[in-house]
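Step one of this worksheet: look at the structure below.
Each reported figure results from applying straightforward, stated rules to the coordinates on display, with no laboratory input. Being a predicted model, the structure only gives us computed values, none of them experimental. Because the Cβ atoms are built from the backbone with ideal geometry, glycine has one as well, and the counts that use them run over all protein chains shown.
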Amino acid sequence: ADSYPEIKRDSRFAELTADDVKHFQSICPILSSETGNSEDELNAFNIDWMRKYRGQARLVLKPKNTEDISKILKYCNERKLAVVPQGGNTGLVGGGVPVFDEIVISMNALNNIRSFDPVSGILVADAGVILETADSHLRKHGHIFPLDLGAKGSCHIGGNVATNAGGLRLLRYGSLHGTVLGVEAVLPDGTILDDLSLLRKNNTGYDLKQLFIGSEGTIGIITAISVLCPQMPKAQNVAFFAVESFDKVQKTFVKAKQQLSEILSAFELMDAGTQSLVAKVTGKKRPLESQTPFYVLIETSGSNPEHDSEKLSTLLEDLMESGDVTDGTLAESETQARELWGWREGIPEVLGHGGGVYKYDVSIPLAEFYTLVEDTRAHLASQGLLKSESNPDGVVIDVVGYGHMGDSNLHLNIPVSQYDKRIEKALEPFVYIWIQKRRGSISAEHGLGVAKSEFVGYSRAETELGVMRMLKKLFDPNGIMNPYKYIKA
Ligand code: FAD
Ligand code: S2G
Ligand code: ZN
């Protein structure tokens with residue numbers, strides 16, 4: 001595969017035959033070059049959202065239900081045909097697309113909402129339900145999905161669980177490891193595991209669902225989930241602040257937690273670089289005149305509009321009086337709140353506009369949260385790669401940082417005019433060594449996929465990786481599930 005020169009196709013895996021294609025056709029609808037589908041139709045499943053990873057799958061399977069998937073995996077396991085489970089294909093580490101000719105198993109057709117209990121707040125839904133669809137269904141019943149991220153219009157809740165997605169409101173609703181109550185999954189040999197628990201407490205043996213949360217399609221296919229959903233907040237407010245130093249950002253964060261406490265539902269940091277990119281690409285009028293190095297978006301979600309907006313305006317006054325923030329604005333309406341969110345959620349879209357982007361989704365101790373951006377900028381400048389007045393041909397357009405400060409999760413992004421091995425060599429393992437020294441994580445929420453797989457040792461010890469390899473061998477002895485990624489054999 002041209003995208004991954006350093007990886008060789010594993011000869012253990014069989015090549016697809018016309019008989020295989022016929023067999024799959026007897027199970028479910030397919031897309032295949034052998035049955036006349038075009039390269040373009042297959043590319044939608046072979047190329048990732050960033051258009052950075054490109055596989056060579058000649059066959060896409062479109063199972064209708066769990067039974068279909070059980071038959072498919074049983075056959076692939078016996079034939080040693082490698083597979084890639086694919087949800088909404090919004091993953092950012094190349095996990096959901098083939099490396100070579102692995103068969104893509106698309107979850108799109110498993111999109112039924114099975115049940116929702118408005119008393120317990122427990123939803124049971126197929127893995128292929130789009131996050132936004134699940135959330136709107138829940139809102140009709142006065143609840144919300146306990147996860148929100150920029151890709152909600154395309155990503156699947158099964159993909160969210162498979163990647164243990166974090167997103168914009170983890171600060172408030174916690175991780176999927178806490179809200180997911182159970183999964184239905186098909187193991188590589190076709191066994192259907194029904195652990196779709198509706199119980200909050202069940203101390204009867206190993207907590208099997210936890211193995212699938214964050215497993216990235218490497219030990220089985222999640223076909224449904226049960227998840228505990230919170231009440232839809234009656235009052236939501238959004239505030240946007242301009243802040244002149246990272247030290248003052250930290251002060252703002254502490255005050256937000258102290259003064260907003262239980263109604264704080266998001267605390268997102270954006271640097272000047274991300275905001276000028278959004279302004280440039282969208283042409284929108286900026287929320288605040290002040291041009292400062294940092295901006296913070298704070299959201300509250302509560303049950304009493306007066307009580308909440310009073311708390312938030314008191315915080316705004318305190319932050320202005322103390323000089324912790326230089327400027328600030330409170331959304332006056334739903335529309336304005338959505339507009340303010342646009343300055344945060346619009347960042348990933350604009351980052352790739354210059355040609356390409358190198359992404360590092362990392363967990364860092366808060367005190368040094370932004371230092372990585374400064375150190376990376378200095379490092380690339382020292383190698384003559386950073387575009388500047390004195391270096392107008394630099395291929396690195398900028399080095400920017402933003403993300404879920406509430407979870408100590410930075411998104412270091414390096415927008416470039418083109419992908420270039422020199423930049424990759426300058427960044428990797430520079431970024432990972434930096435993280436390792438601070439005992440951070442080289443992947444906070446996006447997972448490992450193919451992008452981070454070879455660097456996992458910078459965040460996990462050999463003993464831990466050894467246990468993970470044992471688990472993989474136990475679940476998937478033939479290694480057919482999403483090979484070449486995650487924790488390599
Ligand atoms: P895919 O991309 O289709 O697959 C992702 C991985 O999960 C692959 O390894 C695949 O094999 C596996 N997989 C998918 N479905 C299943 C299944 N049913 N069973 C087993 N394995 C499966 N991520 C965050 O965590 N936080 C964010 O804030 C965030 N913001 C984003 C914003 C944008 C604009 C974009 C494009 C992406 C963002 N992401 C974020 C990344 C991505 O949306 C998440 O990783 C998401 O959970 C992927 O879901 P998906 O259905 O698209 O999965
Ligand atoms: C976010 C999205 C992807 C990125 O916006 O929170 O997870 O790093 C990211 O651009
Ligand atoms: Zn994120």
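Of the trypsin sites (Lys or Arg not before Pro) in the range 171-240, the ones in a loop by DSSP (not H, G, I, E or B) with at most 12 other beta carbons within 10 Å are Arg200, Lys201, Lys234. Partner lysines whose Cα lies under 23 Å from the Cα of Lys71, excluding those fewer than 8 positions away in the same chain, are identified as Lys22, Lys62, Lys80, Lys209, Lys472, Lys473.
Please say if the range 1-114 is rounded, prolate or oblate, where rounded means a/c under 1.5 for a ≥ b ≥ c the square roots of the C-alpha gyration tensor eigenvalues, and otherwise the choice is prolate for a/b larger than b/c and oblate otherwise? Here the range 1-114 falls in the oblate category.
Summing +1 for each Lys or Arg and -1 for each Asp or Glu among the other residues whose beta-carbon sits under 13 angstrom from that of Thr35 gives 0.
Given the range 235-345, what count of lysine pairs have C-alpha atoms under 26 Å apart, with each pair 8 or more places apart or on different chains? Counting lysine pairs in the range 235-345 gives 6.
Hey, got the dipole for the range 18-109? About the Cα centre, +1 on K and R Cβ, -1 on D and E Cβ, debye to the nearest 20? Provide the component values of the computation, followed by the final result.
Numbers: 11 positive and 12 negative charges, 39 e Å.
For this selection, approximately 180 debye.
The alpha carbons of the range 113-228 give a radius of gyration and a Dmax of 13.2, 40 Å, in that order.
Adding -39500 (n - 2.57) for every DSSP H run of four residues or longer, then dividing by how many residues the chain holds, sets the calculated 222 nm ellipticity at -9500 deg cm²/dmol.
In this simple spin-label approximation, Ser245 and His353 carry label points 7 Å from Cα along the Cα→Cβ vector, and these lie 3.2 nm apart. Separation of the range 407-464 from the range 359-382 is 11 Å, based on Cα centroids. Applying a DSSP loop filter and a limit of 10 other Cβ atoms within 10 Å to the chymotrypsin sites (Phe, Trp or Tyr not before Pro) in the range 138-223 leaves Tyr206.
How high is the FRET efficiency between His23 and Arg438 when r is their beta carbon distance and R₀ equals 60 Å, given to the nearest 0.05? Computed FRET efficiency for His23 and Arg438 comes out at 0.75.
Dipole orientation for the range 184-227: of the candidates Thr218, Leu193, Leu208, Leu208 has the Cα lying most toward the positive pole (charges on Cβ; Lys, Arg +1; Asp, Glu -1). Relative to the longest principal axis of the Cα atoms of the chain, helix 371-382 runs at roughly 80 degrees.
Under the rule a/c < 1.5 gives rounded, and otherwise a/b versus b/c splits prolate from oblate, where does the chain land using the Cα gyration tensor? The shape class here is oblate.
Around the Cα centre of the chain, unit charges on the Cβ atoms of Lys, Arg, Asp and Glu (plus for the first two, minus for the last two) sum to a dipole of about 920 debye. Taking all Cα pairs closer than 8 Å and separated by 6 or more residues, the relative contact order of the chain comes to 15 percent.
Computed from label points 7 Å out along Cα-Cβ, the spacing between Glu6 and Ala235 is 5.3 nm.
Please return the longest stretch of the chain lacking exposed loop sites, where GluC sites (Glu not before Pro) count only if DSSP places them in a loop and at most 11 other Cβ atoms lie within 10 Å. Counting at most 11 other Cβ atoms within 10 Å as exposed, the longest clean stretch of the chain is 16-288.
Could you please report the charge total around Asn304, scoring K, R as +1 and D, E as -1 over all other residues with beta-carbon less than 15 angstrom from its beta-carbon? Charge balance in the 15 Å sphere: -2.
Candidates Phe13, Val129, Ser106 compared by Cα position along the dipole of the range 1-155: farthest toward the positive end lies Val129, with charges placed on Cβ.
Ordering His379, Tyr402, Gly342 by Cα displacement along the dipole of the chain toward the positive end leaves His379 in first place; charges were set at the Cβ atoms of Lys, Arg (+1) and Asp, Glu (-1). Tell me the angle of helix 272-282 to the major Cα principal axis of the chain, expressed in degrees between 0 and 90 and rounded to the nearest ten. So the inclination is approximately 70 degrees. Angle of helix 305-321 to the longest C-alpha principal axis of the chain, folded into 0 to 90 degrees and rounded to 10: 60°.
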